[in-house]
Amino acid sequence: MLQNKLSYAFPIEASDFTKAGDAAGKIKKILKLAGLPATVIRRVAIIAYEAEMNIVIHSVGGSLSLDLTSTRVEMASQDNGPGIPDIDLALQEGYSTASDEVRALGFGAGMGLPNIRRNADHFCIQSEVGVGTNLEVWIDIGVS
Ligand SMILES: Nc1ncnc2c1ncn2[C@@H]1O[C@H](COP(=O)(O)OP(=O)(O)O)[C@@H](O)[C@H]1O
Ligand SMILES: [Mg+2]
């Protein structure tokens, strides 16, 4: 019998810019192989990349997961801290706490979370300082 849900998990290491983007690349490949519409793949790729980079840049490490059903692409990220003190502020366009070193690499525009939210049909972020950050998003297939 065919599985009705495909699930994947990708560990993401903090500050490892050599591997940064790998998980998002794998997710994009999986969706292409699954034959999803290009509009869906584009939105998922943006979300996956920004979520992955946030773990690499801002956290001590975590993971990104993908759950694929016939109607929905669901992604979740979790990390083990340091957490986000003010989520409303973090969601503002252009807000970034990225260091000068990270900005010199071309990151830190402060558009990651706003772009994740814009591209998702469902968006939920929860964070506790000293504990970690959880992000849950999904994109409904067939709706763009
Ligand atoms: N996983 C995370 N852990 C801790 N802080 C985060 C995390 N994700 C985002 N943030 C905070 O939210 C801010 C805004 O994130 P984002 O919109 O992706 O912009 P950028 O990554 O360019 O700084 C970050 O600068 C950081 O302060
Ligand atoms: Mg970001």
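The values are calculated or read from the model by the stated rules, or taken from the named source; none is laboratory data. Everything numeric here is computed off the predicted structure, so don't read it as measured data. Please note that ligands, DNA and RNA were not included when accessible areas were found on the heavy atoms of the full protein model with its side chains. Shrake-Rupley method; radii C 1.70, N 1.55, O 1.52, S 1.80 Å.
Report the residue, chosen from E74, E50, E128, that carries the largest GNM mean-square fluctuation when the chain is represented by alpha-carbon nodes joined by springs under 10 Å. Maximum among the listed residues: E128.
Roughly how far apart, in whole Å, are the Cα centres of the range 84-144 and the range 47-74? That distance is 11 Å. Report summary: the helix-based calculation at 222 nm, which adds -39500 (n - 2.57) for every DSSP H run with n ≥ 4 and divides by the residues of the chain, gives -10000 deg cm²/dmol.
Taking the accessible area of the range 7-140, probe 1.4 Å, and keeping the other protein chains in place, the carbon and sulfur fraction comes to 51%.
Estimated at the nearest 10 Å², the accessible area of K29 is 140 Å² with a 1.4 Å probe. When the Cα atoms of the range 7-140 are aligned to their principal axes, the ranges along those axes come out at 40, 30, 25 Å in descending order. Looking at the chain, the accessible area is 56 square angstrom per residue; that uses a 1.4 Å probe and ignores ligands, DNA and RNA.
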